[in-house]
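Chemist: I'd like to ask you about the structure that follows.
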Amino acid sequence: MKDTEIRSLRPGVNLTGVRAHNERLILSLIQRHGEMPGAELAKLAELSPQTVSNILRRLEADGFLRRGAPQRGRVGKPSTPMALDPDGALSFGLKLGRRTSDLAVMNLHGAVLEQRRIAYRYPMPDRIFAFLREGMETLSAGLSPRQRDSLCGLGIAAPSELWRWVEALGASDELAVWQDVDFAEEIAAFSDLPLFTENDATAACRAEHAFGRGREFGDYAYVFIGSFIGGGVVMNSSVIVGGRRNAGAFGSLPAIGADGRRTQLLDTASIHLLEAQIVRAGGDGARLWSEPQDWSPFAAQVEPWIARTALELAEAARTVCAVIDFEAVLIDGAFPAPVREAIVTRAREALAGLDMRGLVAPRIEAARVGGNARAIGAAALPIFSQFFQE
């Protein structure tokens, strides 16, 4: 498959009473393929030209689409491509992390219009909800009246069981308070926007699938390395959450620790390990989070961490491909792009040296969205849940 090829979506139906489905399909096709005229949309959607024409008029009237410049062909009248109107829908996305939280406001094109961040030793509810409340007010004030009217929801991407692994974070038992936190109740005190929640790594996978390289593959595993490693699963061009919303929990894959004992992947291929190494060497590990685009001051610790992480990811890739025949494993994380490229290169080399009998080796590829994927994925939740087809 060519890198530029984009996988197709499920076609629509012409039956009465399914307007919402067909509208979602048309919006999804334009989001995935870019602006195009109605005739091309009708072919891709397998709908009649008249059905598509009616849908396009409704979506344009509702502010979700806008007309592009007419395109003149060799014969016939010019065709007018339809494109997503970036201000047709906006949303907030909160990435709640173990070391940092980010709040972004995003438009229908997937562009982050503005963003705020806080860093901490470990997260506590009072500070997080104060940051969210003040941040939503500040970001809303910077929007135009139409953009404010187009706000459709708040998405929150947070680790599952945030209160666990306190020892690795150097936190206290105070994090146990998160077990009793009701996000909907807390947020209803200052916002009436619809709320959507998802695991942070799954949200990052959703961002890559919608706005990154995910459109190149139909079935792939996605790995995001943050404080703890996690991931997501895409099959048949859809992000798979799972019946218990825990698909892609790659951090729990078996691994062998430095002491030779059995452990989990999150204890052998996560950024919290690098942070601890930097602190033991007398450095300021917090700079990994406050200056995420420049890890050069910690080269002495980063280099061996990359080598170990790449080996662990190669083993993990072999394991997951023994269960599902993934065509690719995409790797991303909260680190500088050169670190991502180094991990990908070494993971490819390590996978080539593993015993793959009975398996088809997946492509090991760098993801594209980057360290902001979790916040972008969080913001994508309200938009995709309400306007696009999975």
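FYI, it's all coordinate maths here, none of it is from the lab. Everything numeric here is computed off the predicted structure, so don't read it as measured data. Quick reminder, even Gly has a Cβ in these numbers, built from the backbone with ideal geometry, and neighbours come from all protein chains shown.
Chemist: Using the structure shown, decide if Leu90 is farther than 30 Å from Arg287 by Cβ and within 23 Å of the chain's Cα centre (by Cα).
Modeler: Taking the combined requirement at face value, the residue satisfies it.
Chemist: Is one or more of the residues making up region 267-290 touching a Pro at 6+ places or on another chain (Cβ under 8 Å) and closer than 19 Å to Ala314 by Cβ?
Modeler: No: zero hits.
Chemist: Determine, yes or no, whether Ala373 is under 19 Å from the mean Cα position of the chain (by Cα) and under 21 Å from Gly285 (Cβ atoms).
Modeler: Answer is no for this residue.
Chemist: For region 63-108, which positions are in a loop (DSSP other than H, G, I, E, B) and touching an Asp or Glu at 6+ places or on another chain (Cβ under 9 Å)?
Modeler: Result: Gly63, Phe64, Gly68, Pro81, Asp85, Gly97, Arg99, Asn107, Leu108.
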